[in-house]
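Trainee: Pasting a structure here, questions to come.
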Amino acid sequence: MSSFVHILCRWQRVHGRHDLPWKSNDPYRVWLSEIMLQQTQVATVIEYYKRFLERFPSINDLAQAEQSEVMSYWAGLGYYARARNLHRCAQIVAEQYDGIFPRQFDEIVALPGIGRSTAHAIMAFCYGTHTPIMDGNVKRVFTRYYGIKGVTSTAAVDKQLWSQAEQTLGEAISESQTAVDMTCYTQALMDFGSLVCTRSKPLCDDCPIADSCYAKKHNLQKELPTPKAKKSTPTRHTVMLLLVHNEKILLEQRPQQGIWGGLLSLPEFSDTETLVHYLQNQGLVISSENELVKMAAFEHIFSHFKLHIQPILVKLNEHQQLQEKHLAHAYYPLENWQNLPIPKPVSLLLDTVTTAQV
Ligand code: SF4
């Protein structure tokens with residue numbers, strides 16, 4: 001067996017993570033964990049994963065749920081397109097495959113939100129096929145170990161990485177003349193990348209493949225993977241309205257596409273003047289009784305921009321109400337906001353309003 005595959009499997013049996021809740025050969029569980037783990041740390045995912053499975057124990061349970069409920073179980077994990085795709089995917093599996101996850105690569109990769117690496121991981125873990133994965137951890141290990149230079153998101157480097165992954169596995173199979181234990185090898189790549197060959201301080205002194213590692217030999221651990229050219233992150237500004245009336249908060253249903261798609265959020269305005277104008281158009285007189293309270297502004301970081309949020313709290317008295325509510329707006333009881341599909345920065349604001357009594 002190729003020393004790389006063989007050594008990593010041996011390392012995995014002794015040092016790998018054996019207590020992760022998604023250790024399974026059930027495609028639904030593996031698929032769910034793979035999607036949750038994209039862009040999110042293992043420690044964060046564990047509780048979300050357990051809660052999600054408790055409520056949606058099977059693909060059919062997920063397919064039958066309302067999207068708003070699915071989103072509420074995802075709220076706080078970010079990258080909400082993942083949850084929308086997951087739900088849509090469950091509906092397709094329920095409708096087109098009688099609720100049984102497909103086995104063929106072409107069928108799996110055609111499902112919403114499933115790329116080549118996720119499809120390969122599902123097949124390797126659940127069906128034992130020789131399908132290598134290439135997620136962020138594996139890219140880091142491969143670029144360092146094999147000395148693959150260039151930005152990994154470019155088509156040329158991506159192709160080189162996949163080709164190396166196929167070759168490594170192929171060599172292991174032909175050398176040993178037996179099948180590779182794909183559950184072990186796939187998990188080994190994931191665990192090794194996050195526990196040993198880590199992003200900033202790889203544990204090269206404890207590494208079982210250090211003797212043949214290109215980066216270690218040439219002292220290039222910091223240079224590989226090749227970093228992307230840094231772009232400055234633009235800042236966008238928004239003013240969020242926290243309109244409280246009779247212990248209820250006005251929330252807006254976000255459109256399906258775009259940031260926080262499908263979630264409930266606060267009505268937004270380009271600036272404070274536009275917000276005041278909106279309230280006046282609604283026949284609301286801003287007086288000392290229900291004055292605008294400027295809460296502390298803060299920034300929320302997205303992958304490609306920063307959002308500077310200025311929250312403004314307005315508490316209406318019991319006689320006041322909006323003259324004409326926007327179709328996407330509705331009041332929700334403040335005491336139950338934790339059960340709603342709400343993005344992280346909005347949940348921080350609602351927490352402040354309900355606990356600190358601003
Ligand atoms: S020697 Fe260091 S850089 Fe090379 S694979 Fe091991 S941990 Fe990663």
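The values are calculated or read from the model by the stated rules, or taken from the named source; none is laboratory data. This is a predicted model, so every value here is computed, not measured. Note that we place each Cβ from the backbone using ideal geometry, even for glycine, and neighbour counts take in every protein chain shown. Each accessible area value is taken on the protein alone, full model and side chains, heavy atoms only, with ligands, DNA and RNA left out. Shrake-Rupley method; radii C 1.70, N 1.55, O 1.52, S 1.80 Å.
Trainee: Whenever you get a sec, compute what percent of the accessible area on region 106-205 sits on carbon and sulfur atoms (1.4 Å probe). Mind showing how you got there, number by number?
Mentor: Values: 2110 of 4110 Å².
Reported share for carbon and sulfur atoms: 51 percent.
Trainee: Then there's this: Would you mind telling me the antiparallel percentage of the DSSP bridges in the chain, rounded to 5?
Mentor: On the way: 17 of 27 bridges.
Antiparallel bridges make up about 65 percent of those DSSP assigns within the chain.
Trainee: Shifting gears a bit: How would region 170-306 be classified by its alpha-carbon gyration tensor: rounded, prolate or oblate, with rounded meaning a/c under 1.5 and the a/b versus b/c comparison settling the rest?
Mentor: Details: a/c = 4.12, a/b = 2.80, b/c = 1.47.
Verdict is prolate for region 170-306.
Trainee: Follow-up question, since we're still on this one. Cα axis of helix 155-176 to longest principal axis of the chain: angle in degrees, 0 to 90, nearest 10?
Mentor: Computed tilt is about 40 degrees.
Trainee: What share of Cα pairs, in percent, lie more than 17 angstrom apart in region 1-90? The partial results should precede the final answer.
Mentor: Values: 2090 of 4005 pairs.
Result: 52 percent of Cα pairs exceed 17 Å.
Trainee: What is the local net charge at Asp351, summed over the other residues whose Cβ is closer than 13 Å to its Cβ (Lys, Arg +1; Asp, Glu -1)?
Mentor: That sum, taken over residues with Cβ under 13 Å, equals 0.
Trainee: At 1.4 Å probe size, with every protein chain present, just tell me what the per residue accessible area of region 35-133 comes to in Å².
Mentor: Details: 4410 Å² over 99 residues.
Here the residues of region 35-133 average 45 Å² of exposed surface.
Trainee: Throw me the Rg/Rh for region 235-356, computed over C-alpha atoms with Kirkwood Rh, two decimals.
Mentor: Checking Rg against Rh, the ratio lands at 0.94.
Trainee: If I compute solvent accessible area with a 1.4 Å probe over the protein chains, what percent of it on region 235-356 is carbon and sulfur? Display every interim value, and only then the final one.
Mentor: Values: 3180 of 6490 Å².
Answer for region 235-356: carbon and sulfur cover 49 percent of the accessible area.
Trainee: Take the cross-link list Lys231/Lys294; Lys216/Lys306; Lys50/Lys230; Lys228/Lys306; Lys149/Lys344; Lys248/Lys294 and give me the ones stretching past 27 Å between alpha-carbons. Provide the component values of the computation, followed by the final result.
Mentor: Details: Lys231/Lys294 32 Å; Lys216/Lys306 36 Å; Lys50/Lys230 37 Å; Lys228/Lys306 19 Å; Lys149/Lys344 37 Å; Lys248/Lys294 19 Å.
Lys231/Lys294; Lys216/Lys306; Lys50/Lys230; Lys149/Lys344, as the Cα separations exceed 27 Å there.
Trainee: Evaluate the distance, in nm, between pseudo-label points positioned 7 Å from the Cα of Lys149 and of Glu335 along their respective Cα→Cβ axes.
Mentor: 6.5
Trainee: While we're here: Which whole number in µm²/s is D for the chain by Stokes-Einstein, with the Kirkwood Rh taken over Cα pairs at 20 °C and 1.002 mPa s?
Mentor: Values: Rh = 23.3 Å.
Reported coefficient: 92 µm²/s.
Trainee: Classify region 54-145 as rounded, prolate or oblate, taking a ≥ b ≥ c as the square roots of the eigenvalues of its Cα gyration tensor: rounded when a/c is under 1.5, otherwise prolate if a/b is larger than b/c and oblate if not. Display every interim value, and only then the final one.
Mentor: On the way: a/c = 2.53, a/b = 1.42, b/c = 1.78.
Cα axes put region 54-145 in the oblate bin.
Trainee: Taking +1 at the Cβ of each Lys and Arg and -1 at the Cβ of each Asp and Glu, which of Tyr214, Phe125, Ile309 sits farthest along the dipole of the chain towards its positive end, judged by Cα position relative to the Cα centre?
Mentor: After comparing all options, I get Tyr214.
Trainee: Here's a follow-up. I need the per residue convex hull volume for region 71-201, using only the alpha carbons, in cubic angstrom as a whole number.
Mentor: Numbers: hull volume 18.4 nm³, N = 131.
Spelled out: Cα convex hull of region 71-201, divided by residues, is 140 Å³.
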